[in-house]
Amino acid sequence: MGLWSRKSITVLQREAAHEGEGGLRRTLTASNLTLLGIGAIIGAGIFVLTGNAAAQYAGPAVVYSMLAAGLACGFAGLCYAEFASMIPIAGSAYTYGYATLGEFIAWIIGWDLMLEYLFGAATVAVGWSGNFVKFLAEFGIVIPTQWTDAPIAVDAANNFSRTGATLNVPAIVLVMLMTWILVIGIKESARFNNVIVFVKIAIVFLVIGFGFMYVNTANWHPFIPENTGRFGEFGWSGVLRGAGVIFFAYIGFDAVSTAAQEAKNPQRDMPIGILGSLGICTVLYVLMALVMTGMVHYSKLNDPAPIVVAIAAAGSSLAWLRYAVEIGSLAGLASVVLVMLMGQPRVFYSMARDGLLPEIFGRVHPKYKTPHITTIMTGTIAAIVSGLFPIGLLGQLVSIGTLLAFVIVCAGVWILRVREPNTPRAFRTPLVPLVPILGILSCFGLMAGLPKDTWYRLLIWLAIGLVVYFLYSKKHSHIGRGETSHTM
């Protein structure tokens, strides 16, 4: 068996149906899955990165950036929905790649997904820390910046510098707390997430509703600020780069697919969870971006808590909303970290079951029925990363890694329709191959808008993954050792 060995859809479906008592527990409903998606999507993007993208790249036209990113996610979401209903396995895009493009591409996706989930959790934890420190400061509690900032900083031109700080301790504490919640059970984690999602959706509605009353339309002019002469700094190229950065705001709907093996009725519920969460959040994002850039000039939004900055511009009349937003954003960002940390161990779980990672990565806690070892491992690494690196650098890495996974998922749906057109599909992506092609092109377009240094980091990350694959995974692959498969 070679690099292009594939696992058949039949084998994957049989594995999901006969996992047995030692496997993951099916407890999640369609509403749980939708709320998991919303819990992951509404977070750093709307509470943190929107302001960053508006101030540095797109101005008020960050609304266009959001629509572009949302459209790309929509195409990818339709493809994810088809795969998730066909193959209810925890591995998400990794498993879909294994079924369509072969083991080598599956490994690349699995390794690439670490940029999305593991680094994504770290990114949001950094955003949470900035909000938390600011919130405490309003009550006279000041934590020294030495223990609340990353020791490394990066500017819009991707130049590194030292900050003088030692470690971002609040971010580390949050990650470890969310890790503990995930270890004790998926049902308990879902309940915790559901409560937080209702809270932060209520906060978002309050900001949109009251914020529109204080919009100064002069702040929307010019809607697309003039380009500075450098690609990606305002103008239409800034809108494109802003879309690549703000794309991080939409990451989360695909994390729903990692819970497929814990869904009660994945064939029906997975498409609802994926597409429902994406659609709801896109509408809320556009409205929130309009409010934020209308309440205060975009140049003032490059702040760890841009919504608070916008509300403060309205004066004392919205002071009460400011505290509600701060509490809601802290809770909301925490739920994003929770869902991201939920996704990564389940990808590891699937990879270990295929032999591409050591067997320990596939162990499930005998009582809690969660992949506890990989959850603790993921949480520990995410905590270290969140303590050392700034949100801008991490956000770009997460975006480009996720976009690459989306490209491969879109291509996989197209390929599988050609190769196995008669395989039963509970949900069918419409207008194939048009939708997958548009998904591929739009995701590549967003990737093109990201800084070249981000591309270099992606290539370095993938190169490290290839070393791991050829030194360990290829030799231990179950298919490589003779398990029944299809080859390309």
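Structure data summary
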read-out: Using distinct alpha-carbon pairs, which all enter the 1/r mean, Kirkwood radius of segment 100-259 in Å; value: 19.7
read-out: Magnitude of the charge dipole, the chain, Cβ model with Lys/Arg +1 and Asp/Glu -1, debye to 20; value: 760
read-out: Proxy reagent accessibility, fewest Cβ within 10 Å first, across E226, E326, E420; value: E226, E420, E326
read-out: Cα-Cα over 20 Å, subset of K369/K475; K134/K300; K200/K300; value: K369/K475; K200/K300
read-out: Sequence of H365, H297 once ranked by neighbouring C-beta atoms within 10 Å, starting from the fewest; value: H365, H297
read-out: Estimated [θ] at 222 nm from DSSP helical runs (n ≥ 4, -39500 (n - 2.57)) normalised by residues in the chain, nearest 500; value: -20500 deg cm²/dmol
read-out: Hz values of 3J(HN,Hα) by residue in segment 367-378 - Karplus curve (6.51, -1.76, 1.60), Gly and Pro given as x; value: 9, 7, 6, 10, x, 5, 5, 6, 5, 5, 4, 4
read-out: The chain, relative contact order in percent, only Cα pairs under 8 angstrom and at least six apart counted; value: 35
read-out: Full-stretch length increase - L462, V195 - with 0.36 nm per residue and alpha-carbon distance subtracted; value: 92.4 nm
read-out: Within the chain, longest stretch free of exposed trypsin sites (Lys or Arg not before Pro) [DSSP loop, at most 16 other beta carbons within 10 Å]; value: 26-229
read-out: Theoretical gain in end-to-end length, A319 to I415 [0.36 nm per residue, Cα-Cα removed]; value: 29.1 nm
read-out: Amide H contacts of L28 (H built 1.01 Å from N, under 5 Å, at least 5 apart or other chain); value: A263, K264
read-out: Segment 168-257 - percent relative contact order, Cα under 8 Å, separation 6 or more; value: 9
read-out: In Hz, Karplus ³J(HN,Hα) per residue of segment 135-145 (6.51, -1.76, 1.60; θ = phi - 60°; x = Gly, Pro); value: 5, 5, 4, 5, 10, x, 9, 10, 8, x, 4
read-out: Residues T454, T217, sorted so that the one with the fewest Cβ neighbours within 10 Å comes first; value: T217, T454
read-out: Against the rule of thumb 2.2 N^0.38 Å, how large the Cα Rg of segment 326-458 comes out; value: 1.30
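Read the figures in this text as sums done on the coordinates, not as results from a lab. Just so you know, these numbers come straight off a predicted model, no measurement behind them. In this analysis, Cβ positions are derived from the backbone assuming ideal geometry, glycine residues included, and neighbour counts consider all displayed protein chains.
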